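Mind having a look at this structure? Questions to follow.
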Amino acid sequence: MTTLLPQDQNDNPIPALRMKSGGAHNIIVGASSTRNTTSFNAQTRVISLYTDAPVYIAFGDSSITATTDDHFFPAGIYYDVAIGGDHSAHYTHAATLQVSSGGTLYISEKE
């Protein structure tokens, strides 16, 4: 099977993506919902998340807002998330809301 992924010495695919140039986003997390000001690239399918404070997070278009009913994301975890694909909608924005105190959510687009 052919793949675009890097391969190890036995030609097994390594599930790794590189960080996209110009694809870094920082969202200041506070008591009100905030989102990335620049949309994700239309070709980006995977993003990586890291936050220094627990947050609620939601994905959608440029009008998305996060609430306490959205997904909880803990501090100190580096995690990959799919934001689109061949047969699914493509999310252009992430919105965050603090759980108990403010912080920063770091997002890296992958390719």
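Can you pull out every residue in region 24-50 that is part of a loop (DSSP other than H, G, I, E, B) and within 11 Å of the chain's Cα centre (by Cα)?
Those that are part of a loop (DSSP other than H, G, I, E, B) and within 11 Å of the chain's Cα centre (by Cα): N36, F40, T44, R45.
Might you check whether a residue that is within 22 Å of A16 (Cα to Cα), modelled with pLDDT of 95 or more and among the acidic types (D, E) occurs anywhere in region 91-110?
Within region 91-110, one or more residues are within 22 Å of A16 (Cα to Cα), modelled with pLDDT of 95 or more and among the acidic types (D, E).
List, please: which pairs have Cβ atoms under 6 Å, are six or more places apart or on different chains, and start with a residue in region 21-50 that is without any contact (Cβ under 8 Å) to a residue 60 or more places away in the chain and within 17 Å of T65 (Cα to Cα) and end with one that is of a type in the set (S, T, N, Q) and surrounded by 19 or more Cβ atoms within 10 Å (Cβ to Cβ)?
Cβ pairs passing all conditions: S39/T92.
A further question follows. Scanning for something under 25 Å from A16 (Cα atoms), among the β-branched types (V, I, T) and at pLDDT 95 or above, does region 63-80 turn up at least one residue?
For region 63-80, residues under 25 Å from A16 (Cα atoms), among the β-branched types (V, I, T) and at pLDDT 95 or above: present.
Further question: List pairs: first residue in region 99-111 and free of Cβ contacts under 8 Å to residues at least 60 places away in the same chain and of a type outside the set (V, I, T), second residue buried (at least 17 other Cβ atoms within 10 Å of the Cβ) and in a strand (DSSP E or B) anywhere in the structure, Cβ distance under 9 angstrom, at least six positions apart or on different chains.
That search, which allows pairs on different chains as well, returns S101/V29.
Hey, can you tell me all the residues within region 1-44 that are loosely packed, with under 13 Cβ neighbours inside 10 Å, of a type in the set (S, T, Y) and either modelled with pLDDT under 85 or more than 19 Å from H90 (Cβ to Cβ) (or both)?
T2, T3, S21, S32
Now, a different point. If a residue has to be exposed (fewer than 13 other Cβ atoms within 10 Å of the Cβ) and within 12 Å of Y56 (Cα to Cα) to count, how many in region 82-101 make the cut?
Count: 2.
For region 6-56, which residues satisfy the criterion of being among the acidic types (D, E) and closer than 25 Å to G102 by Cα?
Of everything in region 6-56, just one residue is among the acidic types (D, E) and closer than 25 Å to G102 by Cα, namely D52.
Shifting gears a bit: Out of the strands (runs of 3 or more DSSP E) lying entirely within region 51-111, which hold 3 or more residues that are closer than 17 Å to N26 by Cβ?
It comes to 55-60, 93-98, 103-110.
The values are calculated or read from the model by the stated rules, or taken from the named source; none is laboratory data. For clarity, every value in this text was computed on a predicted model and none was experimentally measured. Note that we place each Cβ from the backbone using ideal geometry, even for glycine, and neighbour counts take in every protein chain shown.
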